[in-house]
Amino acid sequence: SGEPRAGSPVRRGIWMLSMDQQELRALEQRCIQEEAPECTAACPIHVDGRAFVGHVSKGEWPEAWKVLRKTMPFPGILGRICDAPCRRHCKRREAGDPIQIGDLERACVATPPPPARVQPLPRKGKTVAVIGSGLSGLTAAWDLARKGYSIRIFDPGSRLGGPLRDTPGQRLPE
């Protein structure tokens, strides 16, 4: 298969295969479709913004919750405090205003969550110490617990949450 097609030019030892426009468009479409949308790539936890907004636009709140739960450790918390870095990369900006995804996340997590079935991996028989109970520590503990580790959280405070406890009540209720 190292042979070029008849009539294909050779440049510096690299076969330059000819490709018709249809093949080129099919290749471009596949490449584009395999890439995450810019908003998803800009999200620190890679929430599928396109799928989330699609479900919200149809009023499919349980499905929108599922999109958040897929990558978001604590949707009831993060959905309320997200600063939406994806907005700077929203393609709707080119047509006017970007989608207010942070507002949509807050609206979603204000609806009752659908039942969730968490399936952790088999127990590892090991315990991991997590230092701090702020958002980073709790996220690390959540991720490790899902992977089958037992967790022990160490925090100097008397209550879990760290700096989250300083978030105003209207943004993050108790």
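The values are calculated or read from the model by the stated rules, or taken from the named source; none is laboratory data. Only a predicted model underlies this, so the values are computations on that prediction, with no experimental measurement involved. Here the Cβ is made from the backbone with ideal geometry for all residues, glycine too, and neighbour counts use every protein chain on show. Ligands, DNA and RNA are stripped out before the accessible areas are found, and what is left, the full protein with its side chains, is counted by its heavy atoms. Shrake-Rupley method; radii C 1.70, N 1.55, O 1.52, S 1.80 Å.
Ordering E38, E105, E94, E60 by accessible surface, largest first, gives E94, E38, E60, E105; the 1.4 Å probe counts only protein heavy atoms, with every chain in place. Label positions at R69 and R88, each projected 7 Å from the Cα along the C-beta direction, are separated by 3.2 nm. Taking label positions 7 Å along the Cα-Cβ direction at both K126 and R171, the computed distance is 3.7 nm, reported to one decimal. Remark: spin-label model distance L160-A110 equals 2.6 nm, labels positioned 7 Å along the Cα→Cβ axis. Taken per residue, the accessible surface of segment 69-165 reaches 66 Å², heavy atoms only and a 1.4 Å probe. Accessible area of D103 (1.4 Å probe, protein heavy atoms only, ligands and nucleic acids ignored): about 90 Å².
Normalised by the number of residues in segment 29-104, the mean separation of alpha-carbon contacts (under 8 Å, six or more apart) gives a relative contact order of 30 percent. Across the protein chains, with a 1.4 Å probe defining accessible surface, the residues F74, F52, F154 rank F154, F74, F52 from largest area downward. For K58, go through the lysines and keep the ones whose alpha-carbon is under 25 Å away, minus same-chain ones fewer than eight residues off. Counting by Cα, and skipping residues close in sequence, K58 has these lysines nearby: K66, K70, K91. By its C-alpha gyration tensor, with a ≥ b ≥ c as the square roots of the eigenvalues, how is segment 117-173 shaped: rounded for a/c under 1.5, else prolate for a/b larger than b/c, else oblate? Oblate, since a/c reaches 1.5 and b/c is not below a/b.
Here segment 43-66 and segment 97-174 have alpha carbon centers that stand 19 Å from each other.
Rolling a 1.4 angstrom probe over segment 63-157 with all protein chains present gives an accessible area of which 55% lies on carbon and sulfur atoms. Proximity of backbone amide H atoms, modeled 1.01 Å from N, is registered between I151 and V128 at under 5 Å, excluding neighbours fewer than 5 places apart on the same chain.
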